[in-house]
């Protein structure tokens, strides 16, 4: 049921927001910075190749269904907002494209057999077949089904490769920007010397909330469009 799926997506967004806020508040009380510093040290040993190594790891994680949000946040922490956003968005697009091609040319029959028992998933498949890139773009903005699953689902449809690639690239951008911002903000909080660290925490928290609000507004518009196209009961 799409209504239940959308409610679940809203709950996940709320839970994600609460986790992020709690993480910012607890930044000074947990060794999160130490953990990221360890990962940063490992990447720094690779020098200029660090972003490439990260991108390759991200693509692999996309294919094997590993949660990607922590990687995007770590990239923001390690590389800064701009570089993390660009590298992660490109890696996410390449990973999604690889899964799409794998599904279309090697696993089409297996993917279809696995997905057929789920009416919601197959309804999405029919909508993609009928309306193509627009449905993929909207689903990236407001995921009715998980992004990993959507990659493989699109492979069994007739959507054109370039339509899928562009819809994925632009549809993934808002969330990746948000996650990169979270990581970059955490790095700034750790490195900024100030007699009032709570002021910086408040400022970065406010920036994060505004970014979350922007993503939520975009997602709400996407949900309305999906509802208008019959992807909601």
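Bear in mind that the values in this text are calculations on the coordinates, not laboratory data. The structure displayed is predicted, hence computed values, not measured ones. Using ideal geometry, Cβ is built from the backbone for each residue, glycine included, and neighbour counts are taken over all protein chains shown.
Put a dot 7 Å past each Cα toward the Cβ at residue 110 and residue 57; how far apart are the dots in nm?
With each label placed 7 Å out from Cα toward Cβ, I get 2.6 nm.
Would you mind putting 71-83, 98-110 in packing order, based on average other-beta-carbon counts within 10 Å, highest first?
In decreasing order of mean packing, 71-83, 98-110 become 71-83, 98-110.
Output the peptides 53-65, 169-181 sorted from most to least packed, where packing is the average of other Cβ atoms within 10 Å over each peptide's residues.
With the highest mean Cβ count within 10 Å placed first, the list reads 169-181, 53-65.
For each of 111, 154, count neighbouring Cβ atoms within 10 Å of the residue's Cβ, then give the residues from fewest to most.
Details: 111 21, 154 30.
In order of increasing Cβ crowding within 10 Å: 111, 154.
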